[in-house]
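Step one of this worksheet: look at the structure below.
The values are calculated or read from the model by the stated rules, or taken from the named source; none is laboratory data. No experiment lies behind these values; they were computed from the predicted model shown. We place every Cβ from the backbone using ideal geometry, glycine too, and count neighbours over all the protein chains shown. Quick note on the areas: whole protein, heavy atoms, side chains included, nothing else; ligands and nucleic acids left out. Shrake-Rupley method; radii C 1.70, N 1.55, O 1.52, S 1.80 Å.
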Amino acid sequence: MVAESIKSSNPLLEVDALSVTFETPRGTVRAVRDASLTVSRGELVGLVGESGCGKSTTAFAVVGYLAGTARVTGSVRFEGNDIGELSKADLQELRGNRIAMVYQDPATALNPTMRVGPQIEEVLRSHLGMDKEQARTRTTELFENVGLSDPGRVGRRYPHQLSGGMQQRVVIAMALACEPDLLIMDEPTTGLDVTTEATILDLVVDLKERVNAGILYVSHNLGVIARVADRVVVMYAGQTVEQAPVRELFKNPKHPYTAGLLSCVPQPPLETGEIA
């Protein structure tokens, strides 16, 4: 777990009574209703729940990545400032430098027409004002930090020439390029094989301990959350229904839905060979 000494007492991110409603041809859809959570610096918070419960919509609302048809109420505050009140220019600056996101499908997060190295370099030059040589050097360092071997060679490849795990590492490197204060990870291991997933999770744990940032990790997989999170927020039908430190929640869930989720987690067999 992250050492208590580097965790801030003041939340880095505060989501309070968030509701997101979409107007569709078939009527009004309330995707999120009355969701609240906080993330502190140096803390990894797992946001869990079944598919369709509003997890990703909540994450996208944090950075304003919702369709124009979305109606948002409640507040999202970053370091005490309401993100909903920022201008487009200020929001764009915040996304680039202070808040970063790792998407569920790395293949769609990368430009298929560009080599992956120049894609990272473009971020560094645009947001940090680096020259070409500085950006190239920093890109190599970022690839090394996420465990990519032979980073120079990787940087010269196109996304389709990389495995799924390598693509996800590149996306994480891109997210870390500007050393963000808040990192949002939207089911970053979905679609990966078990071995690659374990490698990416090891990387997330390492980042949590090495980078003094807040991390919001969205997942439907409680096994993953148990491995990486400090605290867990449970969502059900668009609402946050329970929040607790990870060990406390797994040991003593308070909400019936949380207990139901935990009962679905496969249990190791007993010494007798029977299933627990």
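A search for C-beta distances below 6 Å between a residue of the range 8-32 that is under 15 Å from Gly64 (Cβ atoms) and any residue that is of a type in the set (D, E, K, R) and assigned to a loop (DSSP other than H, G, I, E, B), counting only pairs 6+ apart in sequence or on different chains, returns nothing. Of the residues Val63, Val45, Val76, the single one that is over 14 Å from the mean Cα position of the chain (by Cα) and surrounded by 15 or more Cβ atoms within 10 Å (Cβ to Cβ) is Val76. The single condition among (1) surrounded by fewer than 21 Cβ atoms within 10 Å (Cβ to Cβ); (2) assigned to a helix (DSSP H, G or I); (3) of a type in the set (Asp, Glu); (4) modelled with pLDDT of 85 or more that Glu121 does not satisfy is (1).
Taken over the range 213-229, the criterion of being open to solvent by 10 Å² or more (accessible area, probe 1.4 Å) and modelled with pLDDT of 95 or more is satisfied by no residue. The criterion of at least 1 residues that are within 23 Å of Leu142 (Cβ to Cβ) is met, among strands (runs of 3 or more DSSP E) falling completely within the range 181-271, by 182-186, 214-219. The single condition from (1) open to solvent by 90 Å² or more (accessible area, probe 1.4 Å); (2) outside any helix (DSSP H, G or I) that Met114 fails is (1).
Considering only the range 145-155, I want to know if a residue exists there that is more than 19 Å from Asn97 (Cα to Cα), touching a helix residue (DSSP H, G or I) at 6+ places or on another chain (Cβ under 9 Å), without any contact (Cβ under 8 Å) to a residue 40 or more places away in the chain and aliphatic (A, V, I, L, M). Yes, there is a match, as at least one residue in the range 145-155 is more than 19 Å from Asn97 (Cα to Cα), touching a helix residue (DSSP H, G or I) at 6+ places or on another chain (Cβ under 9 Å), without any contact (Cβ under 8 Å) to a residue 40 or more places away in the chain and aliphatic (A, V, I, L, M). Across the range 125-164, the number of residues qualifying as in contact with a Pro (Cβ under 9 Å, 6 or more places away or on another chain), open to solvent by less than 80 Å² (accessible area, probe 1.4 Å), within 20 Å of Thr189 (Cα to Cα) and part of a helix (DSSP H, G or I) comes to 4.
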